[in-house]
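Down below is the structure, laid out as structure tokens.
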Amino acid sequence: MLKKIADLLEMIKFKHTVFALPFALLGAFLAGRGLPSLRVFFWVIIAMIGARTAAMTFNRIADRRFDAANPRTKDRAIPAGAVSLQESWLLTAAASALFFLACWMLNPLCLAISPFALALTFFYSLTKRFTWLCHVVLGVALAISPLGGWAAAAGSLSGYPWVLSFGVLFWVAGFDIIYASQDAEFDRRAGLHSMPAILGRKNAFRLAILFHLLAFLLFALTGWLQSLNFVYHIGLLLTGAALFYQHLIVNPRDLSRIEMSFFSMNGFISLTLFIAACISLLMEG
């Protein structure tokens with residue numbers, strides 16, 4: 001049983017929840033200008049775990065044949081036989097139910113948004129088959145995270161800082177372009193669409209840099225519009241340094257440190273912005 005749980009957690013890359021969860025909680029903190037209620041805090045976390053688990057499991061189901069053919073991904077749980085297709089569908093259904101339950105426990109607006117949010121994350125898994133804008137679609141899917149957190153705490157979208165969601169969109173699209181560079185040659189052979197496969201790694205990296213510059217500016221604009229103090233701006237500077245370092249250690253000719261770039265730096269960015277914004281908001285009181 002423990003081995004099966006470990007295989008499932010590895011299949012969905014559970015540790016990567018750190019990318020979107022801090023932004024969902026940030027939305028809740030911004031809505032209330034401080035710490036949300038324990039009930040909201042709890043159900044936002046449950047909703048994010050459910051949504052990401054469902055989306056990632058569906059992604060593994062949808063891509064299982066491509067994963068089996070790709071030398072980099074052939075050892076993933078489904079093609080390797082560690083997790084069956086039936087088990088994967090059951091996990092998708094259970095995680096989706098958990099997500100809807102959490103949204104129902106939060107408020108009517110969250111419940112109303114939930115089908116669209118989950119459908120968008122599922123849709124992303126199919127986009128690589130027909131458009132190189134798949135990275136932008138993933139960005140849109142994760143950009144709903146802070147919006148959902150705001151809706152959970154406020155019960156409405158009135159006053160929501162949309163620039164924050166656009167910042168998340170370009171940040172996610174940028175690092176997904178970098179990560180997809182590993183499979184540029186395979187994607188071309190398999191007829192899959194991605195920016196590295198269509199544009200080439202060099203041009204794709206240039207676009208990722210542009211996206212990350214836009215993300216940084218939008219995160220800065222968020223701080224200004226929300227009147228966050230110097231602590232947030234310190235976090236913003238650290239975020240800028242992490243974005244720069246991410247492009248420093250990975251380039252079109254050397255992808256050897258891409259795991260550090262993808263997980264360590266991006267996890268650092270989401271947590272840093274969340275913590276800096278929270279401290280700034282708590283200092284208001």
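The values are calculated or read from the model by the stated rules, or taken from the named source; none is laboratory data. Because the structure is predicted, anything quoted here is derived from the model rather than measured. So basically every Cβ, Gly included, is an ideal-geometry build from the backbone, and we count neighbours across all protein chains shown.
Some observations on this one:
- Members of the stretch 99-121 that are surrounded by fewer than 17 Cβ atoms within 10 Å (Cβ to Cβ) and either modelled with pLDDT under 95 or within 16 Å of residue 57 (Cα to Cα) (or both): 119
- Set 204, 184, 215: member being surrounded by 15 or more Cβ atoms within 10 Å (Cβ to Cβ), under 22 Å from the mean Cα position of the chain (by Cα), closer than 30 Å to residue 150 by Cβ and of a type in the set (A, V, I, L, M): 215
- Check on residue 164, crowded, with 23+ Cβ neighbours inside 10 Å, assigned to a helix (DSSP H, G or I), modelled with pLDDT of 95 or more and not small (Gly, Ala, Ser): yes
Per-residue answers, yes or no, for (1) touching a residue at least 24 places away in the same chain (Cβ under 8 Å); (2) closer than 30 Å to residue 67 by Cα; (3) in contact with a strand residue (DSSP E or B) (Cβ under 7 Å, 6 or more places away or on another chain):
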| position | (1), (2), (3) |
| --- | --- |
| 146 | yes, no, no |
| 149 | yes, no, no |
| 155 | yes, no, no |
| 162 | no, no, no |
| 165 | no, no, no |
| 169 | yes, yes, no |
| 173 | yes, yes, no |
| 176 | yes, yes, no |
| 180 | yes, yes, no |
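- Qualifying residue in the stretch 190-200 (condition: surrounded by 14 or more Cβ atoms within 10 Å (Cβ to Cβ) and within 26 Å of residue 34 (Cβ to Cβ)): no
- Some residue of the stretch 261-276 being in contact with a Leu (Cβ under 7 Å, 6 or more places away or on another chain), assigned to a helix (DSSP H, G or I) and of a type in the set (S, T, N, Q): yes
- The numbered conditions (1) part of a helix (DSSP H, G or I); (2) under 24 Å from residue 70 (Cβ atoms); (3) of a type outside the set (Gly, Ala, Ser) are all true for residue 193 except (1).
- Of all residues in the stretch 221-241, those being crowded, with 19+ Cβ neighbours inside 10 Å and either assigned to a helix (DSSP H, G or I) or out of contact with any helix residue (DSSP H, G or I) (no Cβ under 7 Å at 6 or more places or on another chain) (or both) number 6.
- Meets criteria (small (Gly, Ala, Ser), part of a helix (DSSP H, G or I) and over 21 Å from residue 220 (Cα atoms)) for residue 151: yes
- Every residue from the stretch 36-84 that is within 24 Å of residue 117 (Cβ to Cβ) and out of contact with any helix residue (DSSP H, G or I) (no Cβ under 6 Å at 6 or more places or on another chain): 37, 38, 39, 41, 42, 45, 49, 56, 63
- Single residue of the stretch 122-140 satisfying the filter (surrounded by fewer than 24 Cβ atoms within 10 Å (Cβ to Cβ) and either among the aliphatic types (A, V, I, L, M) or touching a Phe, Trp or Tyr at 6+ places or on another chain (Cβ under 6 Å) (or both)) that is farthest from residue 192 (Cα to Cα): 140
- Yes/no for residue 283 being at pLDDT below 95 and under 19 Å from residue 36 (Cα atoms): yes
- Tally of residues being under 16 Å from residue 182 (Cα atoms) and among the aliphatic types (A, V, I, L, M) across the stretch 56-78: 2
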